[in-house]
Amino acid sequence: MPDMARHSSRSRLLFWLLGLVAISLLAIVLTTRTVLLGAVPEKANEDVIQELEEFRSLAQDGVDPETSQPFASNTRLLQVFLSRQIPTRDEALVGIVDGRLVGLPGPAGRSLAEGDPLIQHATESPMPAGVYVPDDGDPIHWGTVTVDGGEGSQEVKLMVARFTDSDYREIAELMRVVTLVAAGVLVLAAFLAWLITGRLLAPIRKVSHQAAEDSRSGSATRLGFDGTDEITELARAYNDAWVREYEVRGINQSVTQAAAREIREGINQPEKLRATCESLMALSRLAPGTRGIATEQADLGVIARDFDAQAIDASGTAQVDRTALADALRAIAGMLAPHAQQPLRAGAHVNGDTARLWITAADFVADDEQAAAMISWPVSSTYAAVVRTVADSHGGRALVTADASSGTTVLLELPAGGEHHDESSKKSNSRDADRNKQ
């Protein structure tokens, strides 16, 4: 049974993305609420101060509109001010003369009756302003200003009250809308994150499914990928490694089968058995299907003439593995010799960045099947394994040409030096420098 506790990478990515979005939205909602709630008392205090300042200004510089003279009494001052003011729906303006309410404004603002706890609280408070919090309501900001006309005059007081209950109701309604919008954004983010993570992980999922099918079928399929992002490159690299491993496994199996067959056939043929052992020793120095061998600057003409003393025209130097090329020439000769009556001829030359080394059987014309058997994976002989391994390890290739006029030629075409052997070239140059010092 599958482990239900396990979660896919897509689910984990979705969880973290949604968690990040949810935390961000929560921070936005809480910050918005905090800012709005903090603005309510500030605005209420500003409204109270504004009304009180207007009353002070009228008391100092105003005139009675009926007489165009300064106000004859503070009571008249209070009545004129209250008649002019139009309080908002959240304000209350109350005139108090010797403790009695006078000149209440019209129905535009909040109404307060005589004996209201707010009025009692404001008149009894030693402070000119404050906040009154009723038992079942929101804070009420209030302020008072007293006009004293002197000894014997009536004490006139103006009280301004600013209610905040409607502000808090508006904030609560606004926060409900903001919360609903945030929830909608979270749902939309979940949908988009599901699509994005699916697209993002599609290459990995594609490789995983194909690898599972290949494991069941015992094969390897090279997949195509669109894109250059890191995840696509990872999927491509994994698929390439999977296919490469399968190919190398097939190569090694073909080499093992060829060696086993040759050993069985060579039990009573010492020369053939010795040739098989030499091929296996060469392969032990160069793993099939690999690159990056230790190379040095070598004269290809010398390598060719070690096999064929008549290869006078063979020349050119290249960055190669001498021993590996000698093994390859021996293997090529081993494949061509059984079919040739005339001596085999070797040659070599370097043209630009390409080095070529070959052996020709002039009196043998290989057909397509024979030519493929000499250089193709999987191999049918240890000789062919050596030839292909040497070519692959140098970053080159093996070719076969056959025609009636020139016979059959097995050719190694290799880089003369450079990009495939930078590290080994440095080692070779270091060894040459050490020899020069000595």
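The table below gives the values:
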| item | result |
| --- | --- |
| Listed residues Leu26, Thr389, Gly407: farthest to the positive end of the dipole of the chain (Cβ charges) | Gly407 |
| Estimated inter-spin distance, Lys272 and Arg322, nm [label 7 Å along Cα→Cβ] | 3.4 nm |
| Ser219-Asp299 pseudo-label distance in nm [points 7 Å out on the Cα-to-Cβ vector] | 5.2 nm |
| Residue order, fewest to most beta carbons within 10 Å, for Leu200, Leu188 | Leu188, Leu200 |
| Assigned charges on the beta-carbon of Lys, Arg, Asp, Glu; the chain dipole about Cα centre (debye) | 2520 debye |
| Cut-off under 5 Å, modelled amide H: who pairs with Ile140 long-range | Tyr132, Val133 |
| Span-like helix ranges in the chain, DSSP H, alpha carbon extent 27 angstrom or more, Kyte mean at least 0.0 | 9-61, 165-217 |
| Highest-first arrangement of 180-186, 398-404, where packing means the average Cβ count within 10 Å | 398-404, 180-186 |
| Likely footprinting exposure, Arg162, Arg356, fewest C-beta neighbours within 10 Å first | Arg356, Arg162 |
| Amide H partners (placed H, <5 Å) of Asp321, local residues excluded | Glu296 |
| Summed residue charge, Cβ within 10 Å of Ala122's Cβ, Lys/Arg positive, Asp/Glu negative | -1 |
| Phi to ³J(HN,Hα) by Karplus 6.51 cos²θ - 1.76 cosθ + 1.60 over segment 400-409, Hz, x for Gly, Pro | 10, 10, 8, 8, 5, 7, 10, x, 10, 10 |
| Dipole of the chain, positive end: most advanced residue of Ile196, Gln319, Met175 [Cβ charges, Cα centre] | Gln319 |
| Most to least packed among 171-179, 264-272, 244-252 [average Cβ atoms within 10 Å] | 244-252, 171-179, 264-272 |
| Label corresponding to mean projected area of the Cα convex hull in nm² when calculated from the structure given, among (i) 26.1; (ii) 47.8; (iii) 30.9 | (ii) |
| Computed helical MRE - 222 nm, the chain, DSSP H runs ≥ 4 contributing -39500 (n - 2.57), nearest 500 | -18500 deg cm²/dmol |
| Proximal aspartates and glutamates to Lys206, defined as alpha-carbon separation beneath 16 angstrom and excluding residues fewer than eight positions away on the same chain | Asp214, Asp226, Asp229, Glu230, Glu233, Asp240 |
| Exposure proxy ranking, count of Cβ atoms within 10 Å, fewest first, for Asp116, Asp90 | Asp116, Asp90 |
| Where a label projected 7 Å from the Cα of Arg33 along Cα→Cβ would reach, residues of segment 175-189 with amide N under 16 Å | 175-184 |
| Glu245/Arg199 FRET efficiency (R0 30 Å; Cβ-Cβ; nearest 0.05) | 0.60 |
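Read the figures in this text as sums done on the coordinates, not as results from a lab. Remember, predicted model here, so these are calculated numbers, not experimental data. For neighbour counting, all protein chains shown are included, and Cβ atoms are generated from backbone atoms with ideal geometry for every residue, glycine included.
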